[in-house]
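I have placed the structure first, in the form of structure tokens, so that the comments after it can refer back to it.
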Amino acid sequence: MSDAELIVVGGGPVGLATAIEARRAGIDALVVEPREGVIDKACGEGIMPGAIPALSRLGVARTHGSPIAGIDYRDPRRSVSHRFAGGPGLGMRRTVLHAALLERAAELGVRWRHARVTRVDAGGDLATVWTDDDATVRADWLVAADGLHSPVARSVGLALPELRARRRFGQRRHFGVAPWTDLVEVYWTPAGELYVTPLAGEVGVALLAPRGVRFADALAASGELAERLDGADATSELRGAGPFRQRTRARSRGRVLLAGDASGYVDALTAEGLRIGFDQARLAVEAIRAGDPAGYERAWAHSTRDFRVLTSRLVRVASSPLRGAVVPTAATLPGRFAAAVERIAR
Ligand SMILES: Cc1cc2nc3c(=O)[nH]c(=O)nc-3n(C[C@H](O)[C@H](O)[C@H](O)COP(=O)(O)OP(=O)(O)OC[C@H]3O[C@@H](n4cnc5c(N)ncnc54)[C@H](O)[C@@H]3O)c2cc1C
């Protein structure tokens, strides 16, 4: 006897998107997440244009965010930008996004259990979950959306060992200055990439860099950006996440499917985590409806191909002595830069 048709482990954006998609499909969904209320997390908070239809499906209004018109790569000597051809993306505070998803999930009758999952058994006709409050819960299907270092992926033997090479981490903080552009600016500094996302009445700054780079030092050395933020109040605490690169050997085992960062992640350099995570939420629910986890594997591979290939290539260059050539090359070949941005935007 199962306790739910679907258990979703993790109540971050992808877990909530999965539960919302499930309810839209008439499936009973129980989210298991230890944290209560609105959850904040280190994120660049840029939602690419390709995710806008998913946001509408999930009931998150565009008015929750600020339009993002394109991407601007900068170094101290030059900048090169491209405006999205097919309409803007959105800059949206994580807390605003999470609150909107929580509200929609509640409207649709998603059930909650505030507990941490400690172990999962994917075998047999049901998925079985053990939680840190000594309960055992069973479901016909389980979607693990429990983030970058997914305990469920490890528990069911789907996580691969971490690669030690090119390990990169993310940090983010907000500053109370009015956005000066509708582009996401990416400052390519020797220490790492500083992403500036326009938000409502403030900007978010995310640093992507190897271990040990201090956010304050990277910002202080960023020249033009440091001048813009000089004297501005920080409007959030510093948060970090990583290492980014996580691999899985497959995206399902038995009755368990992996979605979002839990299914494997490359890097935040192309700001695609939410777009592909929302896509995976929809694809996982379609596979569950069809009783076809193998179909999810194929759909996942198709949905993430560009992210895996393009982002890996860019990270390789960013982690090599060639990183200083990224902005000059993009400026010399604006057509190639525009084409790459359009692929990320899809
Ligand atoms: C610095 C940085 C910048 C980024 N910039 C962007 C960007 O601009 N655009 C973009 O699209 N993406 C960006 N990303 C990536 C994006 O943040 C992630 O892809 C996204 O958060 C993935 O959502 P998720 O729901 O899969 O995981 P998470 O948001 O990590 O949520 C996982 C949830 O699982 C819960 N959980 C964990 N363990 C357990 C357990 N044992 N039991 C139950 N629950 C558990 C956690 O409490 C958490 O709530 C960035 C990431 C970083 C770090």
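Numerical summary
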quantity: About the Cα centre, charge dipole magnitude for the range 29-130 (Lys/Arg +1, Asp/Glu -1 at Cβ), debye; calculated: 340
quantity: Cβ charges +1 (Lys, Arg) and -1 (Asp, Glu), total dipole of the range 211-290, debye; calculated: 900
quantity: Estimated [θ] at 222 nm from DSSP helical runs (n ≥ 4, -39500 (n - 2.57)) normalised by residues in the chain, nearest 500; calculated: -10000 deg cm²/dmol
quantity: Where Met1, Met92 fall by accessible area, highest first, once all protein chains stay in place (1.4 Å); calculated: Met1, Met92
quantity: FRET efficiency, Glu5 to Glu162 (Cβ-Cβ, R0 35 Å, nearest 0.05); calculated: 0.55
quantity: Percentage of interatomic Cα-Cα distances in the range 221-346 larger than 26 Å; calculated: 40
quantity: Long-range Cα-Cα pairs in the range 83-126 (distance over 14 Å), rounded percent; calculated: 73
quantity: Projected label distance in nm at Thr95 and Thr235, using a 7 Å step from Cα toward the beta-carbon; calculated: 1.0
quantity: Dipole in debye (nearest 20) - the chain, about Cα centre, beta carbon charges: Lys, Arg +1; Asp, Glu -1; calculated: 1160
quantity: Å² of accessible area per residue within the range 41-199, as computed with a 1.4 Å probe and no ligands counted; calculated: 42
quantity: Mean Cα-pair separation over length for the chain, i.e. relative contact order, pairs under 8 Å, 6 or more apart, %; calculated: 23
quantity: Using alpha carbons only: equivalent-ellipsoid semi-axes of the range 7-51, gyration tensor based, whole Å; calculated: 21, 16, 6
quantity: Where GluC sites (Glu not before Pro) fall in DSSP loop in the range 218-262, at most 13 other Cβ within 10 Å; calculated: Glu237
quantity: Cα-only Debye scattering, the range 88-206: base-10 log of I(q)/I(0) at q = 0.12 Å⁻¹; calculated: -0.74
quantity: Average projected area [Cα convex hull, the range 22-131], square nanometres; calculated: 10.2
quantity: All-pairs alpha carbon distance profile, the range 142-258, 10 Å steps from 0, percent; calculated: 13, 35, 24, 20, 8, 0
quantity: Cα radius of gyration and Dmax for the chain (Å); calculated: 19.9, 65
quantity: Amide N proximity, the range 311-327 versus Glu342 label position 7 Å along Cα-to-Cβ, cut-off under 19 Å; calculated: 311
quantity: All-pairs Cα distance distribution in the range 176-234, expressed in whole percent, bin size 10 Å; calculated: 24, 57, 19, 0
quantity: Heavy-atom accessible area ranking, 1.4 Å probe, most first, across Ser66, Ser81; calculated: Ser81, Ser66
quantity: Virtual spin-label span in nm between Arg78 and Ser320, 7 Å along Cα→Cβ; calculated: 1.9
quantity: Additional length obtainable on full extension of the chain from Arg62 to His114, 0.36 nm per residue less Cα span; calculated: 15.8 nm
quantity: Histogram of C-alpha separations across the range 1-79, 10 Å bin width, %; calculated: 14, 36, 29, 13, 6, 2, 0
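The values are calculated or read from the model by the stated rules, or taken from the named source; none is laboratory data. Quick caveat: nothing in here was measured; it's all calculated off a predicted structure. Counting neighbours? That spans all protein chains shown, and the Cβs are built from the backbone with ideal geometry, glycine included. Heads up: the accessible areas ignore ligands, DNA and RNA and are worked out on the full protein's heavy atoms, side chains in. Shrake-Rupley method; radii C 1.70, N 1.55, O 1.52, S 1.80 Å.
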